[in-house]
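Comments concern the structure below.
The values are calculated or read from the model by the stated rules, or taken from the named source; none is laboratory data. Every value quoted in this text rests on a predicted model; they were computed, and no experiment measured them. Backbone-built Cβ (ideal geometry, glycine too); neighbour counts: all protein chains shown. Just so you know, the surface numbers come from the protein's heavy atoms only, side chains and all, with ligands and any DNA or RNA stripped out. Shrake-Rupley method; radii C 1.70, N 1.55, O 1.52, S 1.80 Å.
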Amino acid sequence: MSVTKVIKSILGDKHISQVELAEKVKITKQNLSNKMNRDNFSTIELVEIADALNMNLLLKDKTDGKEYIIDYLANEKCKPKRNNKN
């Protein structure tokens, strides 16, 4: 299942709109929509989305089932993705 399909499924289960998710991760609704349409997310964006949904992003070993949580320091999350030149 694609990342976008997983996110949409979780949003449906939690009764959260894409607009609400965009607000929680501090990006525009258009930016989130573009990412969803392209199914293109960076690892830190996925961690931020997981945090916003009160979840963890993890990798699970297919052989032994061991799980590895992917996370970043709090000061790395929800930073502006581009430098504004004002």
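Some notes on this structure:
- Amide hydrogen proximity for Ile70: with H placed 1.01 Å from N in the peptide plane, the residues at 5 or more positions away or on another chain lying under 5 Å are Leu57, Leu58, Leu59.
- Spatially proximal lysines relative to Lys79 (Cα-Cα < 21 Å; intrachain offsets below 8 disregarded): Lys24, Lys26, Lys29, Lys35
- Separation in nanometres of the label points that stand 7 Å from Cα toward Cβ, at Lys24 and Ile69: 1.7 nm
- Exposure of Ser2 as accessible area (Å², to 10), given a probe of 1.4 Å and all protein chains: 40 Å²
- Cα centre as origin, Lys/Arg/Asp/Glu Cβ charges: the chain dipole, Debye: 440 debye
- Partners of Lys66 within straight-line reach, counting lysines whose Cα lies under 25 Å from its Cα and excluding those fewer than 8 residues away in the same chain: Lys5.
- Gyration tensor (alpha-carbon) shape descriptor, the stretch 17-59, a/c threshold 1.5: oblate
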